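This report refers to the structure that appears directly beneath it.
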Amino acid sequence: MRIKLFLPGLVLLVSGCAISPGMKMSSDSVAPGVDVVPITAALIAEQARAEFKGVPAELTMADGDEKYEYRIGPRDILTITVWDHPELTIPAGQFRAADTEGHRVAEDGTIYYPYAGKVSVAGKTQAEVREILTEKLARQIANPQLDVKVVSFRSQKAYVVGEVATPGFQPITDVPLTVMDAITRAGGVTVEGDMTHVTLSRDGVMHTINLLDIYQRGDLSRNILLKSGDILNVANRNRRKIFVMGEVTSPSSLFIPKGRMSLSEAISDVGGINPETSNPARIYVIRGTAERPEVFQLNAKSPAALVLGDHFQLQPRDVVYVATAGVARWNRLIQNLLPTATLLRDIGDINTTIGDRNY
């Protein structure tokens with residue numbers, strides 16, 4: 001009787017190898033159409049080149065900030081001074097603020113000035129407005145000399161929102177407003193901010209800016225000159241998590257600090273791999289979506305793996321998985337099957353006893 005019960009148990013034991021606990025990935029493919037890419041020096045170099053690609057050309061100024069000139073717009077306040085003709089200067093006198101008593105640009109982009117009449121100034125620089133007024137005043141005044149200044153910038157603004165100390169708008173003035181300037185004026189990025197994921201919305205198109213490339217690497221090509229209507233959004237760092245699972249000391253999720261974390265750092269931060277149950281040859285990084293997953297494999301049994309793991313940079317939402325060793329899978333299989341085998345043995349003993357009594 002016991003022999004008959006042992007045979008099904010043996011069948012279960014053998015077939016259990018195919019369903020043993022612990023995820024097992026093939027080095028060739030983890031699913032139909034999904035290949036495992038070995039982490040090599042060539043792969044790391046390729047990813048590094050992709051990481052440092054420049055910003056779109058339309059966001060940069062070919063000549064830099066040197067040729068930047070402010071363009072006057074509606075609601076701006078101008079002061080116009082005509083030398084030797086105080087009657088044409090601000091009639092309010094010297095004890096009133098120019099930004100409240102100056103010439104306000106109307107919504108149609110025009111101002112009214114004595115002897116010149118209605119003058120269109122929107123979209124023009126201060127120098128261009130000065131030339132227009134000089135030409136018009138020359139009809140009434142011999143050799144007029146005048147100066148035009150914007151004393152209150154009200155027509156153009158960019159918005160800084162998200163994880164900054166003081167969200168709100170930043171006025172566009174005669175001083176170029178760059179990404180760094182705008183964030184600094186907004187009080188800087190908070191501790192919950194993600195400096196590697198700042199989005200710029202311009203004309204309905206979203207662009208991603210990595211502030212760390214500016215601060216840490218001096219890549220000023222990413223310090224984009226802002227325009228009126230731009231929205232700069234500093235994302236929350238909660239999306240910058242990675243997940244370390246499998247045969248490690250303390251499986252958990254981790255924030256990527258300062259924008260960068262290598263595979264070796266992530267494994268080290270959770271206490272390292274379990275030397276008794278892990279398979280160092282099968283350390284996987286899984287990223288992407290369910291529709292387009294990417295799987296990378298590091299063979300940590302190789303001496304060069306220490307260097308490769310330290311240079312392989314993780315991305316937000318990556319899943320790091322350390323596979324289980326064959327012996328560990330076998331031990332877990334035995335542990336799971338022992339209760340079943342014991343139960344079968346006890347049933348066999350009971351049946352044998354009953355049979356002996358009947359006999």
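Data table
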| item | result |
| --- | --- |
| Among the residues listed as 74, 21, 56, 32, the single one being within 43 Å of the chain's Cα centre (by Cα) and modelled with pLDDT of 95 or more | 74 |
| Condition check for residue 154: among the basic types (Lys, Arg) and touching a residue at least 40 places away in the same chain (Cβ under 8 Å) | yes |
| Those residues of region 238-293 which are under 16 Å from residue 314 (Cα atoms) and among the β-branched types (Val, Ile, Thr), in sequence order | 242, 244, 256, 267, 270, 283, 285, 286, 289 |
| Count of region 107-160 residues which are hydrophobic (A, V, I, L, M, F, W, C) and either farther than 30 Å from residue 200 by Cβ or part of a helix (DSSP H, G or I) (or both) | 13 |
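Table: residues versus (1) outside the structural domain of residue 256 (by TED's automatic domain parsing); (2) under 21 Å from the mean Cα position of the chain (by Cα); (3) under 15 Å from residue 47 (Cα atoms).
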position	(1), (2), (3)
293	no, yes, no
296	no, no, yes
305	no, no, no
313	no, yes, yes
319	no, yes, no
323	no, no, no
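The values are calculated or read from the model by the stated rules, or taken from the named source; none is laboratory data. Note that the coordinates shown come from a computational prediction; the quantities given were computed from them, not determined experimentally. Neighbour counts run over all protein chains shown; Cβ positions are idealised from the backbone, glycine included.
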